[in-house]
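Throughout, read-outs are computed from the coordinates displayed, never taken from laboratory work. Only a predicted model underlies this, so the values are computations on that prediction, with no experimental measurement involved. Reconstructed Cβ throughout: ideal geometry from the backbone, glycine too, with neighbour counts over all protein chains shown.
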Amino acid sequence: MLKVFKRKITKMFREFLVYHHSSLEFRAKILTLMVSANGEICECEKQKLKEISYSIYADDQDRAEVLIDTVNEYHNKIITDNGLDFEHLIQLVAREAKDVKRFSEKIDIELLLQLSECTEDEDDILFQTRILEFLQNLKDEYGVV
């Protein structure tokens with residue numbers, strides 16, 4: 001019970017309580033692009049998301065959980081049309097990658113490809129491929145040399 005309460009407080013005040021919250025949120029936006037491509041998060045994607053989060057933050061399980069919660073929060077905003085849609089999320093990612101060059105280092109195509117393994121529909125696979133190409137272009141264009 002205490003752990004659930006702690007996660008809710010951290011989620012509500014992550015801007016103040018989470019070290020480098022903007023970096024974590026950028027990663028969450030990238031992951032959200034992949035899992036929200038087909039409009040829903042299936043069980044396979046949930047499992048892959050958990051694996052990816054724990055591999056990114058192997059030394060900090062709480063931070064990994066905050067990342068998962070943030071992805072779910074962004075996804076829910078998209079599907080409920082609550083102030084964020086998919087195109088706006090793409091624009092946010094592009095703007096943040098341009099403004100903060102070090103964020104492009106956070107784009108790990110190999111990790112994101114793991115989420116593609118869960119997709120079966122050809123149209124969704126094509127859409128995720130386009131998202132990966134977009135992210136690779138951002139990484140190439142704004143990457144720190």
Handout entry: In sequence order, calculated HN-Hα J values of the range 67-80 (Karplus, 6.51, -1.76, 1.60; Hz; x Gly/Pro)
Key = 4, 4, 4, 5, 4, 5, 5, 4, 4, 5, 5, 5, 6, 9
Exercise for the section: Work out from phi, with θ = phi - 60° and the Karplus expression 6.51 cos²θ - 1.76 cosθ + 1.60, the ³J(HN,Hα) of each residue of the range 49-54, listed in order in whole Hz, and give x for Gly and Pro. Expected result: 4, 5, 4, 5, 4, 6
Exercise for the section: Using the Karplus curve 6.51 cos²θ - 1.76 cosθ + 1.60 with θ = phi - 60°, work out ³J(HN,Hα) for each residue of the range 108-124 in order, rounded to whole Hz, and write x for Gly and Pro. Expected result: 10, 4, 4, 5, 5, 4, 4, 5, 5, 4, 8, 8, 10, 6, 4, 5, 5
Fill in the blank from the handout: Simple spin-label estimate for residue 100/residue 134, 7 Å along Cα→Cβ, in nm, reads 2.0
